[in-house]
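Have a look at the structure below, then the notes.
The values are calculated or read from the model by the stated rules, or taken from the named source; none is laboratory data. The shown structure was predicted, so the numbers you read here are calculated from the model rather than taken from an experiment. Every residue, glycine as well, gets a Cβ built from its backbone with ideal geometry; the counts of neighbours run over all protein chains shown.
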Amino acid sequence: MVTAEQVWDVLSEIPDPEIPVISLVELGVVRDVRVEDGQVRVDFTPTFLGCPALEVMRDAMAEQIRALGAEPEINVCLDDSWSTDRITPEGREKLRASGFAPPAPREATAPTLVKLQSNAHRCPYCGSTDTRLENIFGPTPCRSLRHCATCRQPFEQFKTI
Amino acid sequence: MNELEQKLILEIADDELVLGWRDSEWTGIAPMLEEDVAFSSIAQNEIGHARALYELVARELGTTADELAFDRSPDEYRCAPIVELRLLDWAQTIARHYLYEEADAIRLERLKRSDDPEIAGLAAKIDREEAYHRIHAQMWFDRLQGEPRFAAALAELRPQAAVLLDSELRGAHTPELPELWNEMTMVRRSQPAGTKW
């Protein structure tokens with residue numbers, strides 16, 4: 001009989017398809033796991049709605065649960081429950097170590113250009129906060145592009161959601 | 001979700017799908033690399049929003065998001081004419097982007113206050129992504145403000161933006177929609193029903 005702990009364990013081994021340094025559990029997209037009569041129900045809360053990795057994540061979770069000998073049901077939660085605040089501290093450190101600046105905490109009000117252009121964003125390479133917004137958008141919907149004036153390194157900054 | 005809400009969600013989904021398609025036409029040919037990246041990302045987000053909104057209605061109607069998005073005839077779409085236009089002029093593109101985001105923010109605020117927790121929840125999620133579109137649109141508005149070409153584009157498109165917030169004004173389409181529909185549904189129509197991607 002499969003337990004919820006076993007399911008969490010296998011899900012925490014699945015890498016994010018686009019940023020494989022962190023797992024789906026570290027990314028915070030697994031909201032709940034319930035096991036009933038050999039059926040495993042996972043509440044999956046997507047990151048960005050247009051993210052092409054969502055399907056890959058869903059299929060990978062289903063496959064790993066089947067490998068445990070249980071029938072998966074992946075319930076996609078179309079609500080506001082995912083936030084970049086759900087990325088675990090370990091996940092954030094792994095992101096930073098790979099050159100992705102982790103997202104700033106979510107605030108009560110929506111982000112503004114003034115905030116994005118402020119010096120509150122730290123370079124993941126040298127730690128300087130003398131960084132400049134180059135583009136609100138980047139290679140995937142979840143990232144912006146910044147440039148560090150201290151070490152002259154361009155880097156990707158996670159958007160706060 | 002009542003019938004009125006279903007209708008409203010479909011209108012917004014159609015707007016987002018068609019605009020996402022039009023925005024994606026800048027991929028590779030925008031005036032600068034940063035905007036190539038920005039419009040590609042915005043397009044991806046809008047189509048993602050369309051999909052989630054179709055999904056919500058599809059659950060109610062016992063159908064699928066793909067069927068709603070691609071299996072209707074062009075005259076069954078409820079999108080506003082402003083999103084159908086193939087704009088190859090940057091000033092007009094930014095004018096539409098600005099006007100669209102302005103109207104979209106208003107209707108998302110309304111949806112966030114819906115009594116239906118599914119509608120309110122999805123609207124809140126979409127709004128967090130749209131916040132970045134609004135910053136982008138505002139940045140360009142500030143940059144182009146005072147330019148005659150941009151002022152003319154805004155004046156031309158502003159009356160059409162009113163349709164985005166009024167269901168009663170919807171139903172008419174531009175002659176550009178059938179051709180767009182043809183492109184949008186081509187892959188889907190070329191595959192036998194039940195094909196899995």
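Descriptive notes on the structure:
- Number of residues in the range A:13-31 that are without any contact (Cβ under 8 Å) to a residue 40 or more places away in the chain and surrounded by fewer than 13 Cβ atoms within 10 Å (Cβ to Cβ): the value is 1.
- Top-ranked residue in the range B:122-154 [being surrounded by 15 or more Cβ atoms within 10 Å (Cβ to Cβ) and charged (D, E, K, R); ranked as farthest from A:CYS51 (Cα to Cα)]: B:ARG134
- Residue match in the range A:83-103 (condition: in contact with a Leu (Cβ under 9 Å, 6 or more places away or on another chain), more than 14 Å from chain B (Cβ to nearest Cβ) and surrounded by fewer than 19 Cβ atoms within 10 Å (Cβ to Cβ)): yes
- Of residues in the range B:27-47 being among the hydroxyl-bearing types (Ser, Thr, Tyr) and closer than 18 Å to B:TYR98 by Cα, the one surrounded by the fewest Cβ atoms within 10 Å (Cβ to Cβ): B:SER40
- Any hit, the range A:45-62, residues being more than 16 Å from A:LYS159 (Cβ to Cβ), within 14 Å of the chain's Cα centre (by Cα) and assigned to a strand (DSSP E or B): no
- Residue within the range B:35-42 that is among the β-branched types (Val, Ile, Thr), closer than 20 Å to A:PHE48 by Cβ and within 16 Å of the chain's Cα centre (by Cα) present: yes
- Only one entry in B:ALA30, B:ALA58, B:ALA69 is within 13 Å of chain A (Cβ to nearest Cβ) and outside any loop (DSSP other than H, G, I, E, B), namely B:ALA58.
- When the range B:185-197 is filtered for residues that are among the small types (Gly, Ala, Ser) and assigned to a loop (DSSP other than H, G, I, E, B), the ones remaining, listed by number, are B:ALA193, B:GLY194.
- Single residue of the range A:104-122 satisfying the filter (of a type in the set (A, V, I, L, M) and exposed (fewer than 13 other Cβ atoms within 10 Å of the Cβ)) that is farthest from the other protein chains (Cβ to nearest Cβ): A:ALA120
- Hey, A:PRO141 surrounded by fewer than 14 Cβ atoms within 10 Å (Cβ to Cβ), within 29 Å of A:GLU13 (Cα to Cα), touching a residue at least 24 places away in the same chain (Cβ under 8 Å) and not basic (Lys, Arg) or not: no
- Checked against (1) away from every other protein chain (no Cβ under 12 Å); (2) in contact with a strand residue (DSSP E or B) (Cβ under 8 Å, 6 or more places away or on another chain), A:THR45 passes all but condition (1).
- All positions within the range A:1-44 that are charged (D, E, K, R) and either in a loop (DSSP other than H, G, I, E, B) or at pLDDT below 95 (or both): A:GLU13, A:ASP16, A:GLU18, A:GLU36, A:ASP37
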